[in-house]
């Protein structure tokens, strides 16, 4: 075999070997290209967890979305609660306004519940005894004192403070209360005296009792004074 033929075969063999190496390199590249695939898969696996995180975020968002709703609900609840409390407060206030007094306590007397009579007292002189009798069916409380108006008087007489009892005089049906009236001074020291035959006594509800005076009327002057209503005639004439 000639040297030329040998070189030719060696070149061909070398060419085949290089082709094989080239093919191997290509396949190696394929393996390397595939190698990132696990990384990609790992990334996918990471992404597989990521949806969970996203889901968590979604839940958080939903939670956030619910929080305003919850907040709104809470606000509405508070508003409703406030309304209910306001309603309760309103009802409570109304109830308090209507029940200012203890139901067990007597109400105030009216002229339609009480008959008032007037009589000259045997003593002291120039005194009148007023008797208020409960003609109604319920116990009632008299005013503190009789705001007596004699004749055309424009004002009521002063009250003797020393006669003030510890509490209002209350009358059960058929019971009576008493008040004394000093008509005039016994020594003539009073001023502006006049005779009258009429007497009216107003009550706190606006009603007015018209009292019949003794047949010859009474004489009053600037010393005119009344006492608080008392439970006994003797107490009413002490002042």
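No value in this document is a laboratory result; all are computed from the given coordinates. This one's a predicted model, so the numbers in the text were calculated from it and none came from an experiment. Reconstructed Cβ throughout: ideal geometry from the backbone, glycine too, with neighbour counts over all protein chains shown.
Counting DSSP beta bridges in the range 107-236, what percent are antiparallel, to the nearest 5? The antiparallel proportion sits near 90 percent.
Scoring 141-150, 194-203 by mean Cβ neighbours within 10 Å over their residues and listing the highest first yields 141-150, 194-203.
Taking only the C-alpha atoms, wrap a convex hull around the range 107-236 and report its volume per residue in Å³ as a whole number. Present the calculation step by step, with values, prior to reporting the outcome.
Working: hull volume 13.4 nm³, N = 130.
Hull volume normalised by residue count: 103 Å³.
With the simple spin-label model, which puts each label point 7 Å out from Cα in the Cβ direction, the residue 117 to residue 175 separation comes to 2.0 nm. Model label points for residue 198 and residue 155, set 7 angstrom from Cα along the Cα-to-Cβ axis, are 2.1 nm apart.
What's the exposure ranking of 228, 239, going from fewest to most Cβ atoms within 10 Å? It would help to have the intermediate numbers written out before the result.
Values: 228 24, 239 19.
Exposure proxy ranking, most exposed first: 239, 228.
Averaged over residues, the count of other Cβ atoms within 10 Å places the peptides 168-178, 205-215 in the sequence 168-178, 205-215, highest first.
Taking label positions 7 Å along the Cα-Cβ direction at both residue 212 and residue 137, the computed distance is 2.6 nm, reported to one decimal.
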